[in-house]
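The values are calculated or read from the model by the stated rules, or taken from the named source; none is laboratory data. Computed from a predicted model, the values in this text were never measured in an experiment. Counting neighbours? That spans all protein chains shown, and the Cβs are built from the backbone with ideal geometry, glycine included. Each accessible area value is taken on the protein alone, full model and side chains, heavy atoms only, with ligands, DNA and RNA left out. Shrake-Rupley method; radii C 1.70, N 1.55, O 1.52, S 1.80 Å.
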Amino acid sequence: MLKFLRPLTSASMTVMLTLSGIALSSPVQAQDTTETRKKFVECVNKDISKENAEWKLPESELKKLKNIIDREIMKEDTLPKSQRDEQRIIENIENAAAKELPGVDRETLDEVVETLRASGQHCFVAVRQG
């Protein structure tokens, strides 16, 4: 009767936990405000600043990067609700960074994107929990 069930992999567990987290936070998402997005941006920017110790971007380029992140997140009506939303935002940030920060090498931009992915998940949970 349950032959179609298979053991959960780490990836499927992550998807299930993410989906359950999104489902549980749905009423909160309806109350998203500019203030919520500002808190999210602050959290992400804090993580970006910490990681810059490794990247060693000059202060002017770090500021541009933060402005790109701020601009992209603040134009959204709500924080990302799906992986597709998150991916679109990250791609927009990556494309803008490639244009506006031509002196930053591809490897560093890839590291920035990985940090954004991890930071976005961490900050999403932190902001939703208050």
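Worth a mention:
- Contacts under 6 angstrom Cβ, first residue in the stretch 109-130 being touching a residue at least 40 places away in the same chain (Cβ under 8 Å), partner basic (Lys, Arg) and surrounded by 14 or more Cβ atoms within 10 Å (Cβ to Cβ), 6 or more apart: Val127/Lys39
- Selected residue (criterion: nearest to His122 (Cα to Cα)) from residues of the stretch 49-63 that are crowded, with 17+ Cβ neighbours inside 10 Å and of a type outside the set (Asp, Glu): Asn52
- A residue that is under 16 Å from the mean Cα position of the chain (by Cα), modelled with pLDDT of 50 or more and open to solvent by 70 Å² or more (accessible area, probe 1.4 Å) can be found somewhere in the stretch 41-48.
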